[in-house]
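Engineer: Have a look at this one before I ask anything.
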Amino acid sequence: MAENNERLLMFTFWGAYLKEDYIKVGLDVTETLMKHFGMVRRLYDAYDNYDINFNNIDTIDAIRKEVLGKGERYCLFKVNFYNPIVTEEIYVNRLIVNRPYLFLEEYDGLKFYQTEDEVINAQRTQALLKVFTDVAGHPSLDELWMLDFDWNGFMGKPAYLYRPDPLYERVEDPLDIYETKDEVTRLVEEFEAHVPRDWVIDYLQDRLGAESVQEMGDGKIRVLFFDRELTKSKVNTEEFLRTFERHVDEYLLQKGIRLYKG
């Protein structure tokens, strides 16, 4: 990815929890992105077969027919969009759908979110946030993150903010991700059974501000670790999550509960 200075705008390690077929969910996400970005400019199969011409596809039905009709050929598929928030040049975003993960990448190192105009940066951030929220609202997505290096936003079940390193190092490895499924499921169930939702929301709002934490549908919350502009971080998210993990452990130890036993 470094060759083209690409970054991930959003991503999820769904192999550790996804219950529906990943191809179906990936097609649903494609449909959501089409509502924001317009037609699919290019559809690729697992083999990146450039000899097959699938350009400028304007209906999700055509994409579903192609992907579902070819079976294993689309075990991994990619769709390209031109993001309309940028008008000065063609701005390409690509959705990658695979068994262990889904991500939306962009090709210019976030330069379109870091212009000299703070108003434009904020507007483009808000546009991305709408896309992020719509994608994350899919009932099969239990977690979705913004930005691959900074992790500047999260939407999903609060339990996925509790990320013990030994487990999530394996969750984030495509070779191990399916082996962790039972562990992740157990951890989420234990978290939800013993950590009150209100405690989590109060904790996050106290440290990030009430405007940065919103309750969403389907038991999910949206947490923003940035302030107005996508690349203006409020906190170091990795450090914040480690501190959150420690405080959750301390809270539960008072009840005689040890959440993660790995």
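Engineer: By what distance, in whole Å, do the Cα atoms of the stretch 68-135 stretch along each of the three principal axes, largest value first?
Structural biologist: If we take the Cα atoms of the stretch 68-135, the spans are 46, 24, 18 Å.
Engineer: Next up: Using helices alone, I'd like the mean residue ellipticity at 222 nm for the chain: each DSSP H run of four-plus residues gives -39500 (n - 2.57), total over residue count, nearest 500.
Structural biologist: For the chain, the value works out to -11500 deg cm²/dmol.
Engineer: For the stretch 39-90 and the stretch 106-142, write down the distance between their C-alpha centroids in whole Å.
Structural biologist: 21
Engineer: At residue 234 and residue 149, where each label point lies 7 Å from the Cα along Cα→Cβ, what is the point-to-point distance in nanometres?
Structural biologist: Using points 7 Å along Cα→Cβ, the separation is 2.3 nm.
Engineer: What is the P(r) of the chain, as percent of Cα-Cα pairs per 10 Å bin from 0?
Structural biologist: Binned Cα distances yield the sequence 6, 29, 35, 21, 8, 1, 0.
Engineer: To continue, here is another question. If you keep only loop residues by DSSP, which GluC sites (Glu not before Pro) in the stretch 85-162 have at most 12 other Cβ atoms within 10 Å of their Cβ?
Structural biologist: Counting only loop positions with at most 12 other Cβ atoms within 10 Å, the GluC sites (Glu not before Pro) in the stretch 85-162 are 88, 89, 116.
Engineer: Rounded to a whole number, what % of the accessible area of the stretch 32-95 do carbon and sulfur atoms account for, probe 1.4 Å?
Structural biologist: 48
Engineer: Here is a follow-up. For the stretch 139-261, what D do you get in µm² per second when you plug the Kirkwood radius from alpha-carbon pairs into Stokes-Einstein at 20 °C and 1.002 mPa s?
Structural biologist: Using the Kirkwood radius from Cα pairs, D works out to 142 µm²/s.
Engineer: Right, another one. What accessible area per residue comes out for the chain, rounded to a whole number of Å², with a 1.4 Å probe?
Structural biologist: Accessible area per residue, the chain: 48 Å².
Engineer: Contact order normalised by length for the stretch 71-142, with contacts defined as Cα pairs under 8 Å and 6 or more residues apart; what percent is it?
Structural biologist: 19
Engineer: To continue, here is another question. Can you tell me which aspartates and glutamates have their Cα less than 12 Å from the Cα of residue 35? Leave out same-chain residues fewer than eight positions away.
Structural biologist: Qualifying aspartates and glutamates at Cα under 12 Å: 58, 134.
Engineer: Expressed as a rounded percentage, what relative contact order does the stretch 72-192 have, with Cα pairs under 8 Å and six or more residues apart?
Structural biologist: Relative contact order comes out at 13 percent.
Engineer: Gain in length, residue 126 to residue 31, computed as 0.36 nm per residue apart minus the alpha-carbon separation, to one decimal in nm?
Structural biologist: Residue separation times 0.36 nm, minus the Cα-Cα distance, leaves 32.2 nm.
Engineer: Along Cα→Cβ, 7 Å out, is where each label goes; now give me the distance between the ones at residue 116 and residue 21 in nm to one decimal.
Structural biologist: 5.2
Engineer: Counting only C-alpha contacts under 8 Å and six or more residues apart, can you give the relative contact order of the chain as a whole percent?
Structural biologist: Over the chain, the number comes to 21 percent.
Engineer: Here is a follow-up. Kindly flag which residue pairs out of 19/130; 19/220; 157/181; 24/78 have an alpha-carbon separation exceeding 19 Å in this structure.
Structural biologist: Violating the 19 Å Cα-Cα cut-off are 19/130.
The values are calculated or read from the model by the stated rules, or taken from the named source; none is laboratory data. All figures in this text were calculated on a predicted structure; none of them were measured in a lab. Neighbour counts are summed over all protein chains in view; Cβ atoms, including those assigned to glycine, are modelled from backbone coordinates with ideal geometry. Ligands, DNA and RNA are stripped out before the accessible areas are found, and what is left, the full protein with its side chains, is counted by its heavy atoms. Shrake-Rupley method; radii C 1.70, N 1.55, O 1.52, S 1.80 Å.
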